[in-house]
Amino acid sequence: MKKYIHSLFILLLVISSNESLGNEKEKFVNDLISKMTLEEKVGQMTQINLTVIAKGPNRFSSSFPMEIDDSRANKALVDFKVGSVLNTINNTAQKPSVWFKNISKIQKIAMNNNRLGIPVIYGIDAIHGTTYTDGATMFPQQITTAASWNPENAYNMAQVCAYETRASSIPWNFSPVLDLGLDPRFPRQFETFGEDPLLVERFGVEMIKGYQGFDNNVSNKHKVAACMKHFVGYHATISGKDRTPAYIPDNVLSEYHIESFKKAIEAGAKTVMINSGLINGIPVHSDYNLLINILRNKLGFQGVILTDWEDIRKLHDRDKVAKTQKEAVKIAINAGIDMSMVPYEYEQFFNDLVELVEEGEVSMDRINDAVKRILELKFDLDLFQNPVTNYEDYEDFGSKKHHQLAYKAASESITLLKNNNSILPIKGKPRILVAGPNGNNMRTLNGAWSYSWQGELTDRFAGDYNTIFEALQNNFGNNNVKYVSGVSYKENGSYYDMVEDNINNAVREAKNSDYIILCLGENTYTEKPGDLNDLNLHKLQVKLAKKLAETGKPIILILNIGRPRLISDIEPFMSAIVNIYLPGNFGGDALSDILSGKVNPSGKLPYTYPAYPNSLIPYYYKPSEVQNNSQGAYNYVGEVNNLYDFGFGLSYSEFTYSDLEINNDQFNLDDSIKISVNVQNSGNIDGFETIQLYSSDLYASLTPDVKRLRDFEKVEIKAGESKTITFDLPVSELAFANSDNQFVVEEGKFKLSIDNLSREITVR
């Protein structure tokens, strides 16, 4: 009882403190706004690239070492009152000390040379580690983390990233990505948590908690303000290419795409970045319905709405919905945009917006609303009192403790897709040939947003970590492991450019080896540079695989990919297949430990792996995707052609499911369904298994999905051990968005399934 009273007392103190702080913030911000000129307000709504105020030949590129140019900085931060800066110089990582020096100077200029002393808010894309900081801990990319099916790994990544971003003097992170990664062609699928809405929701919320803390106290010097992106439907383009049009019905948008943002908002996310593309012919940056009616009013988001790169300009230049740049500014700001990532020609945006207000085309109320949210964010981050954090106060930056968490995430994510005759794990000290362009490459292990935008500088900064080849040498001995690439990425070429690199030498070495570890996949890319026209592996990689297969030696195929590239032509020749995705700096070590048996693989696919170029549907497809011969005149068959299903992944253990139990067979709409299942590790190796609960609505007013993931849990089960796993599923979570865009649970039969077990229930 005493413990309960004490906890209640503490809770009341926290609530009281938060209320007091809220009152203080509102008074402070309102007083500040009352003193601000129109120009000062518009400056707060303007975000520029760092190169604009750095020393260098022009505003698009900078000189080394990174230094702030006094004249340029005073023009932007003082004359034009610019309130936010982003990015790094020349797309290159900097040491924490360099960040501290330069951001300190930015804040000094902004706060000392402006009459109101308003600090700058600095933002950066730190999506799997602190991207632009030399020495930062690089975790697996989001898609890799999702493959762990353990949301704790997302929390750990975000917590470490927040700490090390603050160690870089930066308080605002443009992460997490909450887009639904349902198209394997899309060049940013690796930045998502995969194709399932529930995975995205669960992992996204944990990222928010890791960045902002469970209490959302971002004044904490170990936390940053998170930025959900990209609201909404960004990855659902028709073409599969970046920033191209999407066509999404309202009910589909609600059921599949918006829920992850809703959950993140409920978790306290401070900011949001908007989809750069179009939905149903409307650029999202101009869509009042999406930004105000849905994001603000329906979802209750109270934070800052930020554009993506140059996206207001694109309303005129690209999308042709604004006749002039000035009209583009008018449309976007009136649609609900609070801050514009300009990022270079800030003078035009600033002048246009000032004129629009003076002309009555944008109301002062709209300006005050935007500025209030921006200033509240700066207040929450404690920037008025502590505008800079000092790297010297962050002794755990790049620490062994952080590295261990990154390794853990990688080792839990790597997914075993094929293991003929239990060829893995590799026993003893055999002769091993490592081949393929990804076998001795830190760049490909990390992907883009690693020390540079496209990741092309990774090898320069990640030399202290182990490639796949180096990690295998550490496990199996230097003399037992050799590397011959056979095929290489073209230096200074596009990500898809490849050259033959003496395939004959690789074949010759393979004949003298016991195993071939064939490392294929992709070079680094993101955004428009990562668009592709062909989802197949590069023809030279396929050629290498087939030539090595002719040797008759067992081949273990390692897929180092940001999206599932097609391997149907070579899959039959592979004895084992391991998908490592983009595992980060410790991916080589994690893979080596799995191949050698030190770690039992436990990853599961967060997406459907297609077999053919046109087999591009998620696991929750409609029943009509599968059709049998029609009676009478027509003779046709419709099939779903997946190479590997969503949620699939092998282990060195064998898990057996039994005794699926449900507490009733009939339920009301306000009931909760109790489900239990027994899982036994019938193998002789301890392992982790992810228990996945699916539902199928058997008949509905809209054609239902064949199945939907409703819950999951990853558990460790010792060799020979059995565990009973329980789920508590509210009937309300069986809802779908109907043709009126209302979430409903219709009466009728549902099937609940776990592994190969299923039970039917009735909802009344």
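The values are calculated or read from the model by the stated rules, or taken from the named source; none is laboratory data. Quantities reported herein were computed from a predicted structural model and do not represent experimental measurements. Virtual Cβ from ideal backbone geometry, glycine too; neighbours counted across all protein chains shown.
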Open item on the list: Looking at ASN474, ASN536, ASN504, can you tell me which residue is surrounded by fewer than 19 Cβ atoms within 10 Å (Cβ to Cβ), in contact with a helix residue (DSSP H, G or I) (Cβ under 9 Å, 6 or more places away or on another chain) and closer than 26 Å to ASN585 by Cβ?
Closed with: ASN474
Open item on the list: Quick test for you: out of PRO387, PRO425, PRO430, pick the one residue that is assigned by TED's automatic domain parsing to the domain that holds SER104, in contact with a helix residue (DSSP H, G or I) (Cβ under 8 Å, 6 or more places away or on another chain) and assigned to a loop (DSSP other than H, G, I, E, B).
Closed with: PRO387
TODO: Tell me, please, whether a residue that is crowded, with 22+ Cβ neighbours inside 10 Å, hydroxyl-bearing (Ser, Thr, Tyr), at pLDDT 95 or above and part of a loop (DSSP other than H, G, I, E, B) can be found in region 558-581.
DONE: yes
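Could you go through region 433-447 and let me know if any residue there is farther than 19 Å from LEU559 by Cβ, of a type outside the set (Asp, Glu) and either touching a residue at least 40 places away in the same chain (Cβ under 8 Å) or crowded, with 24+ Cβ neighbours inside 10 Å (or both).
Initial filter on region 433-447 (farther than 19 Å from LEU559 by Cβ): none.
No, there is no match, as no residue in region 433-447 is farther than 19 Å from LEU559 by Cβ, of a type outside the set (Asp, Glu) and either touching a residue at least 40 places away in the same chain (Cβ under 8 Å) or crowded, with 24+ Cβ neighbours inside 10 Å (or both).
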- [ ] Examine region 593-612 for a residue that is assigned to a loop (DSSP other than H, G, I, E, B) and free of Cβ contacts under 8 Å to residues at least 40 places away in the same chain, and state whether such a residue exists.
- [x] no
- [ ] Residue by residue through region 148-179, note down the ones that are farther than 19 Å from GLY447 by Cβ and in contact with a His (Cβ under 7 Å, 6 or more places away or on another chain).
- [x] ALA162, TYR163, ARG166
- [ ] Show the residue pairs that are 6+ apart or on different chains and have beta-carbon atoms under 6 Å apart, the first residue being within region 528-553 and small (Gly, Ala, Ser), the second being in a loop (DSSP other than H, G, I, E, B).
- [x] GLY530/PRO187; ALA545/ILE570
- [ ] Within region 154-165, identify whether any single residue is modelled with pLDDT of 95 or more and either part of a loop (DSSP other than H, G, I, E, B) or basic (Lys, Arg) (or both), and answer yes or no.
- [x] no
Open item on the list: LEU544 - would you say it is at negative phi, of a type in the set (A, V, I, L, M), assigned to a loop (DSSP other than H, G, I, E, B) and at pLDDT 95 or above?
Closed with: no
Task: Complete set of residues in region 621-676 that are part of a loop (DSSP other than H, G, I, E, B) and acidic (Asp, Glu) - done: GLU639, ASP645, GLU654, ASP665, ASP670, ASP671
Open item on the list: Please go through region 711-722 and give me each residue that is in a strand (DSSP E or B) and of a type outside the set (A, V, I, L, M, F, W, C), ordered by number.
Closed with: ASP711, GLU713, LYS714, GLU716, SER722
Open item on the list: Given the options LEU383, LEU417, LEU405, LEU424, name the one that is in contact (Cβ under 8 Å) with a residue 40 or more places away in the chain and under 22 Å from the mean Cα position of the chain (by Cα).
Closed with: LEU405
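The rows are residues; the columns are (1) within 29 Å of the chain's Cα centre (by Cα); (2) not polar (S, T, N, Q).
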{"residue": "VAL342", "(1), (2)": "yes, yes"}
{"residue": "PHE349", "(1), (2)": "no, yes"}
{"residue": "GLU355", "(1), (2)": "no, yes"}
{"residue": "SER363", "(1), (2)": "no, no"}
{"residue": "GLU376", "(1), (2)": "yes, yes"}
{"residue": "VAL388", "(1), (2)": "yes, yes"}
{"residue": "ASP393", "(1), (2)": "yes, yes"}
Task: Those residues of region 189-205 which are farther than 20 Å from SER695 by Cα and surrounded by 24 or more Cβ atoms within 10 Å (Cβ to Cβ), in sequence order - done: GLN189, PHE190, GLU191, THR192, PHE193, PHE203, GLY204
Task: All positions within region 309-330 that are surrounded by fewer than 22 Cβ atoms within 10 Å (Cβ to Cβ) and of a type in the set (A, V, I, L, M) - done: VAL321, ALA322
Open item on the list: Step by step: first the residues of region 723-741, then only those that are of a type outside the set (Gly, Ala, Ser) and part of a helix (DSSP H, G or I), then the one that is nearest to ARG764 (Cα to Cα). Which residue is that?
Closed with: VAL731
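Residues are listed down the side, and each one gets a yes or a no for (1) within 27 Å of the chain's Cα centre (by Cα); (2) buried (at least 20 other Cβ atoms within 10 Å of the Cβ):
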{"site": "ILE468", "(1), (2)": "yes, yes"}
{"site": "LYS482", "(1), (2)": "no, no"}
{"site": "GLY486", "(1), (2)": "no, yes"}
{"site": "GLY493", "(1), (2)": "yes, no"}
{"site": "TYR496", "(1), (2)": "yes, no"}
Task: Members of region 677-710 found to be part of a strand (DSSP E or B), among the acidic types (Asp, Glu) and surrounded by fewer than 20 Cβ atoms within 10 Å (Cβ to Cβ), listed by number - done: none
TODO: Pick out the one residue from TYR211, TYR234 that is under 23 Å from VAL160 (Cα atoms), modelled with pLDDT of 95 or more, of a type in the set (Ser, Thr, Tyr) and buried (at least 24 other Cβ atoms within 10 Å of the Cβ).
DONE: TYR211
Open item on the list: Any residue in region 344-361 that is of a type in the set (Lys, Arg) sitting within a Cβ distance under 9 Å of a residue that is not in a helix (DSSP H, G or I)? List the pairs, counting only those 6 or more apart or interchain.
Closed with: none
TODO: Within region 124-153, count every residue that is surrounded by fewer than 24 Cβ atoms within 10 Å (Cβ to Cβ) and outside any loop (DSSP other than H, G, I, E, B).
DONE: 2
Task: Filter result (touching a strand residue (DSSP E or B) at 6+ places or on another chain (Cβ under 9 Å), touching a residue at least 40 places away in the same chain (Cβ under 8 Å) and not in a helix (DSSP H, G or I)) within region 270-300 - done: LYS270, THR271, VAL272, MET273, ILE274, ASN275, SER276, GLY277, LEU278, ILE279, ASP287
Open item on the list: I'm told ASN293 meets every condition in (1) over 26 Å from SER34 (Cα atoms); (2) crowded, with 23+ Cβ neighbours inside 10 Å; (3) not charged (D, E, K, R) except one. Can you identify the failing condition by its number?
Closed with: (2)
Open item on the list: Is it the case, given these coordinates, that GLU527 is in contact with a strand residue (DSSP E or B) (Cβ under 9 Å, 6 or more places away or on another chain), surrounded by fewer than 24 Cβ atoms within 10 Å (Cβ to Cβ) and either charged (D, E, K, R) or assigned by TED's automatic domain parsing to the domain that holds THR458 (or both)?
Closed with: no
Open item on the list: Take the conditions over 19 Å from ASP242 (Cβ atoms), in contact with a helix residue (DSSP H, G or I) (Cβ under 9 Å, 6 or more places away or on another chain) and surrounded by fewer than 24 Cβ atoms within 10 Å (Cβ to Cβ) and apply them to LYS511. Does it pass?
Closed with: no
TODO: Among the candidates ALA76, ALA146, single out the residue that is among the hydrophobic types (A, V, I, L, M, F, W, C), touching a residue at least 60 places away in the same chain (Cβ under 8 Å) and farther than 30 Å from PHE648 by Cβ.
DONE: ALA76
